[in-house]
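In what follows, a structure is listed as structure tokens, so that the remarks can point back to it.
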Amino acid sequence: MKLLDTTHSNITEAAEVIRTGGLVAFPTETVYGLGADGLNPVASAKIFEAKKRPTFNPLILHIANKDWLKRFSIYDDERINRLVEIFWPGPLTLVLPKTDLVPDIITSGNPTVAVRMPNHKVALELIEKSDVPIAAPSANKFGHLSPTTAQHVVKSLGNKVDIILDGGKCSVGVESTILELHDGEIYMLRPGGLSKEKIEKEIDKIKSGRTNPNKPNAPGQLPFHYAPSIPLDFLSEENLKKYSGKKIGALFFEEIKDKANFENIKILSSSGNMNEAAANLFRFLHEFEKESLDLILVEPVKEEGLGVAIMDRLKKAAAKYQS
Ligand code: TXA
Ligand code: MG
């Protein structure tokens, strides 16, 4: 790990790390972000590994130019245009329907994407030089406080990142406010650095009440409780018997272990790399949905590192079909 000042040449070096699939912690006006190339699923998967997040939460794409919003989201709403006009760059994240450019691991398989243009010159220069949207959650280990200095990041994630850009203290110090456009209404998913009052001076009243995916009221209420539209179960001798005669899509981790007559077979990572496996997970489940299958059988992966998050998702998906 390198802890670097925010000189132009250091930011250029950090941008190169982003472009080549590495991790860079960088300052924003809210909190420090743990950034990766948001269009590169394997690089983005490294974020979850570094944070030791037990689940895949969707990530915010950070952009350097308001025009980039149209590349990653589709909407037709004057209020959103107005919010962008007035509050960007700034501590406001917008959740909108995504375009096909956005990888599934960024959105946890959901049809919406969160986008924000940070109000920090180091962050903007880094994104511009990387020339990709930077996916970034707060740069802390899961369950720890959000970092507002580079030293916080060193303490929490020091050996997990390639570069930490030290831009001093964050001026806002709390995460961005998150608004979602849903069924023509604007909801606040997370209060944050931009107050409701300021927002409501510019657009009509916003609503609350949609569950923040980070703080679900009850398990299973998670809007991001992703399950494929066809049943999913784990691969075992017993299940092979139970489901014999069905049209099965099999998802293996590293290599094909079972010679059963599967309709379709996918391998998460032929090199046994958990980052690659995580990066492929949602994409492969989506692909299976397009086949005419009765069922998906998945080889369980080891529950360590990113395997914990992978199994969390798979168990939830499997539970949905268990009655
Ligand atoms: O200020 C911030 O927002 C900081 C800086 C680094 O930009 N980032 C941050 O990221 O707080 P994170 O990952 O700690 O929080 C992002 C929140 C999570 O609650 C996540 O569930 C939500 O955004 N989110 C992301 N994509 C979403 C989506 N498609 N729909 C709803 N919520 C989403
Ligand atoms: Mg966070």
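Quick notes on this structure:
- Percent accessible area from carbon and sulfur atoms, the stretch 2-208, protein chains only, probe 1.4 Å: 50
- Around the amide H of Val298, modelled in the peptide plane, lie the amide H atoms of Asp233, Phe234, Leu235, Leu251, all under 5 Å away and 5 or more residues distant in sequence or on another chain.
- Between Glu303 and Glu291, the contour length at 0.36 nm per residue exceeds the alpha carbon distance by 1.5 nm.
- Other residues within the sphere of radius under 15 Å centred on the Cβ of Ala319, judged by their own Cβ, net out at +2 (K and R +1, D and E -1).
- Dipole of the chain [Lys/Arg +1, Asp/Glu -1 at C-beta], most positive-end residue of Gly35, Leu69, Pro54: Pro54
- Karplus (6.51, -1.76, 1.60) ³J(HN,Hα), θ = phi - 60°, over the stretch 121-138, in Hz, Gly and Pro reported as x: 5, 5, 4, 5, 5, 4, 5, 4, 5, 6, 6, 9, x, 9, 6, 7, x, 5
- Candidates Ile203, Ile296, Ile18: whichever shows maximal mean-square fluctuation once the chain is modelled as a Gaussian network with Cα springs under 10 Å: Ile203
- Residues in the stretch 2-208 average 41 Å² of solvent-accessible surface per residue, probe 1.4 Å, ligands and nucleic acids excluded.
- Relative contact order (percent, whole number), the stretch 75-190, Cα cutoff 8 Å, 6+ residue spacing: 25
- Shape call, the stretch 232-319: gyration tensor on alpha carbons, a/c limit 1.5: prolate
- Considering only Gly33, Gly158, Gly184, the Gaussian network model of the chain with Cα springs below 10 Å gives its largest mean-square fluctuation to Gly184.
- Karplus-based coupling profile of the stretch 7-13, in residue order and whole Hz: 6, 4, 6, 5, 5, 4, 4, with θ = phi - 60° in 6.51 cos²θ - 1.76 cosθ + 1.60 and x standing for Gly or Pro.
- Computed helical MRE - 222 nm, the chain, DSSP H runs ≥ 4 contributing -39500 (n - 2.57), nearest 500: -9500 deg cm²/dmol
- Computed over the chain: relative contact order in percent, which uses C-alpha pairs under 8 Å that are six or more apart: 22
- Net length gained if the chain between Asp76 and His182 were fully extended (0.36 nm per residue, minus Cα distance): 37.0 nm
- Relative frequency of Cα-Cα separations exceeding 30 Å in the chain, percent: 36
- Using the Cβ-Cβ distance between Asp67 and Lys169 with R0 set to 45 Å, the FRET efficiency from 1/(1 + (r/R0)^6) comes to roughly 0.90.
- Span from the the stretch 228-255 Cα centroid across to the the stretch 116-133 one, whole angstrom: 43
- Accessible area (Å², per residue) of the stretch 232-319, counting only protein heavy atoms and a probe of 1.4 Å: 48
- Cross-link pairs beyond the 22 Å C-alpha cut-off, checked among Lys207/Lys316; Lys66/Lys98; Lys52/Lys98: Lys207/Lys316; Lys52/Lys98
- Separation in nanometres of the label points that stand 7 Å from Cα toward Cβ, at Lys121 and Ile203: 3.0
- Applied to the stretch 107-118, the Karplus parametrisation 6.51 cos²θ - 1.76 cosθ + 1.60 on θ = phi - 60° returns per-residue 3J(HN,Hα) values of 9, 6, x, 8, x, 10, 10, 9, 10, 8, 10, x Hz, with x for Gly and Pro.
- Length gained when the stretch Ser270-Lys247 is fully extended (0.36 nm per residue, less Cα-Cα span): 5.9 nm
- Heavy-atom accessible surface of the stretch 232-319: percent carbon and sulfur, 1.4 Å: 44
- Once C-alpha pairs closer than 8 Å and six or more residues apart are averaged by separation and normalised to the residue number of the stretch 232-319, the relative contact order reads 38 percent.
- Given +1 at the Cβ of Lys and Arg, -1 at the Cβ of Asp and Glu and no other charges, the dipole of the chain around its Cα centre is 720 debye to the nearest 20.
- Residues whose placed amide H lies under 5 Å from that of Lys2, excluding near-sequence neighbours: Ile163, Ile164
The values are calculated or read from the model by the stated rules, or taken from the named source; none is laboratory data. Keep in mind the model is a prediction, meaning the values are calculated, not measured. Here Cβ is always computed from backbone atoms with ideal geometry, including for glycine, and neighbour counts include all displayed protein chains. Accessible surface is based on the protein model in full, side chains and every heavy atom, while ligands, DNA and RNA are left aside. Shrake-Rupley method; radii C 1.70, N 1.55, O 1.52, S 1.80 Å.
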